[in-house]
Each structure stands twice: as structure tokens, then as C-alpha cells.
1. Whether any residue in the range 127-139 is part of a loop (DSSP other than H, G, I, E, B) and surrounded by 14 or more Cβ atoms within 10 Å (Cβ to Cβ) is what I want to check.
2. Evaluate the range 71-86: report whether one residue or more is more than 24 Å from Thr140 (Cα to Cα), touching a helix residue (DSSP H, G or I) at 6+ places or on another chain (Cβ under 8 Å), in contact (Cβ under 8 Å) with a residue 24 or more places away in the chain and part of a strand (DSSP E or B).
3. Give the range 7-31 a look and list any residue that's under 24 Å from Glu115 (Cα atoms) and surrounded by 15 or more Cβ atoms within 10 Å (Cβ to Cβ), or say none.
4. Are there any pairs, at least 6 apart or on different chains, whose C-beta atoms fall under 7 Å, with the first in the range 87-103 and touching a residue at least 60 places away in the same chain (Cβ under 8 Å) and the second of a type in the set (Lys, Arg) and loosely packed, with under 11 Cβ neighbours inside 10 Å, and if so, which?
5. When the range 93-120 is examined, which residues are found to be exposed (fewer than 13 other Cβ atoms within 10 Å of the Cβ) and more than 16 Å from the chain's Cα centre (by Cα)?
6. With respect to Met1, determine if the residue is within 24 Å of Ala123 (Cα to Cα) and modelled with pLDDT under 95.
Amino acid sequence: MSGIRRIDHVAIAVRDCDKAVEQYAKLLGAEHVRTEELREKAGLVKVAYLRIGENVLSLVQSLEPGGFIDKHIEKHGEGLHHMGLEVDDLDAFVQRVEAEGYQIPLRDEFSNRREVVLRPRDANGVVLQVLQWTDGGADTVDARIERIRRLKSKPE
């Protein structure tokens, strides 16, 4: 698929973000980069960013009873929530997939990225978050980690 640069991150739905950070650090030697509370269109969440080798893992906890992460955990248990895919041109990606008849149920914008979410029924049960960083692509994992450290919350 043209325009997709890489898997940006894999997100895991968890009940307790802090405990999950400790678990992944102990189990896999993951490096905790930062934890932040984010107000997304789908609700308030706590997100911990971890570096595992050349990869970024996000641990996501709902901070609102009945939030989208809580609903996911109730239905599927803790585990894979979504895969984040970085694209060069989000507008072109959206235009192409909509022209092919796919629906985009969620669009959101943050201080450093724009994103859309595709329905899991269109991707074999996996939620795909497709995003474009406003400061351009970071070509190394170190640059990607530095971008996470500079992350600014979206105003409420």
C-alpha cells in the first residue's frame, strides 16, 4: 500500500497502566519512555510509551468508566487494541480508502499528528490507526522516541 512508511506502534489495552509498565520492563526489558493522560475523541486515557528494541509499544488504560478501552477489555480482555501505521500523506490515504468504499469512523488531531481509525471488520478484526506526524517522519527509533518525549497534550 503506497504511502505507508512503517508500523509506528502497537497498542495494548490494559486495566492498570503502571502495573503493565512494570510487567513489560521485567518480562521484556522494555524501556519506559513516558506516561501521559490524553483526551481523545473516544475518551480520556492514560498511555505509557515503551521502547522494545527498535519498536514502540503503547499501553492504554481507560480513565473513564465505560470508556472505549474499558469496553474493549470487557469484550476481548486485555491485549492487542490497535496497530498504528505511519503514512506520508494522510489526506491521500483517506481519499483512496474512501474511494474504495471503506468507512472511517474516527478522525482526530493532536498537537503533533493527525489520525484516522479504520473499522476492525475491514482489517480481519484489527483496529488500524493511520497517522501522519506533523513534523514529518522520524527515520530512526531514537528520533521516534524523542518525538514521544516532546509530545504535547491536546487542549481540552
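1. Yes, that holds for at least one residue.
2. Yes, that holds for at least one residue.
3. Asp8, His9, Val10, Ala11, Ile12, Ala13, Val14, Cys17 - these are the residues of the range 7-31 that are under 24 Å from Glu115 (Cα atoms) and surrounded by 15 or more Cβ atoms within 10 Å (Cβ to Cβ).
4. Within 7 Å, no pair qualifies.
5. Gln95, Glu98, Ala99, Glu100, Gly101, Gln103
6. yes
The values are calculated or read from the model by the stated rules, or taken from the named source; none is laboratory data. Please read all numbers here as calculations on a predicted model, not as lab measurements. Glycine gets a Cβ as well: all are built from the backbone with ideal geometry, and neighbour counts include every protein chain shown.
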